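Student: Just dropping this structure here.
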Amino acid sequence: MDLHEAARHRVLIVEGCAGATRAGLLTWLSHRHGFAVERSPAELPALDPARPYRELLRLAGPLAVDSGFVGELVYGPLRRGHSRVTWIEAFDFAETVAERGGAFVHLAAPPAAFTERLTGRGATAAAAMAETEAAAAAYERAFTTLAQHAPVLTVRP
């Protein structure tokens, strides 16, 4: 994907595996294309996990969100056995993004970067590799599913 294609959208929800460095893309969008950059909340509300994201989408002007919404769909099941975000909530959020002229940006990190990050946090090499493969596959499934409701742009290194 051409990054300038992403900049044509009014809202970008930027997501990716741990190790996918979003900061560079967000800085570029801010400085080069005038996007306001917002960070996702550290904790999602228990009763309405999409609420903080819907509130961010009310902001005027071009907006890039360093998000963890799709990440919850991926890592919730991997690490806790369930996601705090339902697919119904995810579809509703994706449709809101699309209505605002937005898209999801999937930063597909190289597996080595993700594995390195996990081993740096104390995981064994085997555990890190297993989580890397599971997370990459889960992100692909999540974005393929969400693409039925909003544009998804994939950036590969």
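The values are calculated or read from the model by the stated rules, or taken from the named source; none is laboratory data. All values derive from a computational prediction rather than experimental measurement. So basically every Cβ, Gly included, is an ideal-geometry build from the backbone, and we count neighbours across all protein chains shown. Quick note on the areas: whole protein, heavy atoms, side chains included, nothing else; ligands and nucleic acids left out. Shrake-Rupley method; radii C 1.70, N 1.55, O 1.52, S 1.80 Å.
Student: Compute the Rg to Rh ratio over the range 1-90 from the alpha carbon atoms, using the Kirkwood formula for Rh, and round to two decimal places. Write out the running numbers ahead of the final one.
Tutor: Values: Rg = 13.7 Å, Rh = 14.0 Å.
Dividing the radius of gyration by the Kirkwood radius yields 0.98.
Student: In addition: How far apart, in nanometres, would the label points at Arg51 and Ala137 be if each is projected 7 angstrom from Cα along the Cα-to-Cβ direction?
Tutor: A separation of 3.6 nm, rounded to one decimal place.
Student: May I ask you to give the solvent-accessible area per residue for the chain, in square angstrom, as obtained with a 1.4 angstrom probe? Please list the in-between numbers first.
Tutor: Working: 7840 Å² over 157 residues.
In whole numbers, the chain has 50 Å² accessible per residue.
Student: Using a probe of 1.4 angstrom, how much of the accessible area of the chain is carbon and sulfur, in percent?
Tutor: For the chain, the apolar C and S fraction of the accessible surface comes to 55 percent.
Student: Okay, moving on. How would you rank 142-153, 54-65, highest first, on the average number of other Cβ atoms within 10 Å across their residues? Numbers along the way, then the final one.
Tutor: Values: 142-153: 18.5, 54-65: 16.2.
With the highest mean Cβ count within 10 Å placed first, the list reads 142-153, 54-65.
Student: For the chain, state the semi-axes of the equivalent ellipsoid (square roots of 5 times the eigenvalues of the alpha-carbon gyration tensor), sorted largest first and rounded to whole angstrom.
Tutor: Ellipsoid half-lengths, sorted descending, are 25, 19, 14 Å.
Student: What is the dipole size for the range 22-110, taken about its Cα centre, with +1 at each Lys and Arg Cβ and -1 at each Asp and Glu Cβ, in debye to the nearest 20? Walk me through the numbers before you get to the answer.
Tutor: Values: 10 positive and 10 negative charges, 52 e Å.
Using Cβ point charges on Lys, Arg, Asp and Glu, the range 22-110 gives about 240 debye.
Student: Taking the Kirkwood radius as the inverse of the mean 1/r across Cα pairs, report the Rg/Rh of the range 27-69.
Tutor: Radius of gyration relative to Kirkwood radius: 1.03.
Student: If you don't mind, there's one more thing I want to ask. Which whole-percent values make up P(r) of the range 42-92 when all C-alpha to C-alpha distances are grouped in 10 Å steps starting at zero?
Tutor: Over the range 42-92, the share of Cα pairs per 10 Å bin runs 23, 55, 19, 3 percent.
Student: Along the positive direction of the dipole of the chain (beta-carbon charges: Lys, Arg +1; Asp, Glu -1; about the Cα centre), which of Ser83, Ala7, Ala46 reaches farthest?
Tutor: The listed residue farthest towards the positive side: Ala7.
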